[in-house]
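Chemist: This structure is in structure tokens; I'll ask about it shortly.
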Ligand code: SF4
């Protein structure tokens, strides 16, 4: 699938940062003007700690500075009575498990509508990529069942999904947990899992 990390994530962040700094595109930003962005990558995922690719944004990774793993974070949140804190993620992440989709559907109708529209809009790939000749072969879906999100079986894991994922993972990984709660690995817009090769039952048919 044509990946669109830059188009959907990095670009809007850069635009917002430029606006906040008072230098909207294409105004030149002086050398000494920059924002510091704190990105919550823990030590388990240190390889995902990446620098921004422009001078006016500097990425900091405070959890790595603290030498905190995911377990450290969970312990800390639990000590504050915040054990239920969900992972932060992009709204339309194709790595969501069913629980995350249900949470959006059941708690935020506007966001659910938004994400259903986004899912429909990506069916033929990214419009800009298509226009430049990189057409998507096949269709893209956000949900691994490869049906429109509005019809996807997010209230239960289907036998077909379970069997496909278990086969890919050799039966060793916690398949049901992942299908229900999504991928555990951390990420950030600078280290999006979608920029890596993925197995095509993530709803990213190519
Ligand atoms: S993998 Fe992470 S950065 Fe990429 S779309 Fe999902 S939540 Fe966003």
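Chemist: Of all residues in segment 123-155 being at pLDDT below 80 and assigned to a loop (DSSP other than H, G, I, E, B), which is nearest to residue 109 (Cα to Cα)? Steps first, answer last, please.
Modeler: Step one: filter segment 123-155 for residues at pLDDT below 80, giving 126-137.
Narrowing further to those that are assigned to a loop (DSSP other than H, G, I, E, B): 126, 132-137.
Details: 126: 25, 132: 34, 133: 35, 134: 33, 135: 32, 136: 30, 137: 32 Å.
Per the criteria, the residue is 126.
Chemist: Kindly indicate whether residue 106 is within 21 Å of residue 155 (Cα to Cα) and within 15 Å of the chain's Cα centre (by Cα). Can you show your working first?
Modeler: Values: within 21 Å of residue 155 (Cα to Cα): yes; within 15 Å of the chain's Cα centre (by Cα): no.
So residue 106 fails the test.
Chemist: Then there's this: Out of everything in segment 161-199 that is surrounded by 15 or more Cβ atoms within 10 Å (Cβ to Cβ) and modelled with pLDDT under 70, what residue ends up being nearest to the ligand (Cβ to nearest atom)?
Modeler: Looking at residues that are surrounded by 15 or more Cβ atoms within 10 Å (Cβ to Cβ) and modelled with pLDDT under 70, I get 198.
Chemist: I need every pair where a residue in segment 6-17 that is more than 20 Å from residue 28 (Cα to Cα) has its Cβ under 6 Å from the Cβ of a residue that is within 12 Å of the ligand (Cβ to nearest atom) and not in a helix (DSSP H, G or I), sequence separation at least 6 or different chains.
Modeler: 9/189
Chemist: Can you tell me which residue in segment 90-106 is surrounded by the fewest Cβ atoms within 10 Å (Cβ to Cβ), limited to those that are within 12 Å of the ligand (Cβ to nearest atom) and within 20 Å of residue 120 (Cβ to Cβ)?
Modeler: Across segment 90-106, the extreme among qualifying residues is 91.
Chemist: Could you identify the single residue in 55, 70, 28 that is without any contact (Cβ under 8 Å) to a residue 12 or more places away in the chain and either out of contact with any strand residue (DSSP E or B) (no Cβ under 9 Å at 6 or more places or on another chain) or more than 26 Å from residue 195 (Cβ to Cβ) (or both)?
Modeler: Details: 55 fails: without any contact (Cβ under 8 Å) to a residue 12 or more places away in the chain; 70 fails: without any contact (Cβ under 8 Å) to a residue 12 or more places away in the chain.
None of the other options fit; the residue is 28.
The values are calculated or read from the model by the stated rules, or taken from the named source; none is laboratory data. These numbers come from a predicted model, not from an experiment. Please note: Cβ atoms are built from the backbone with ideal geometry, for glycine as well, and neighbour counts cover all protein chains shown.
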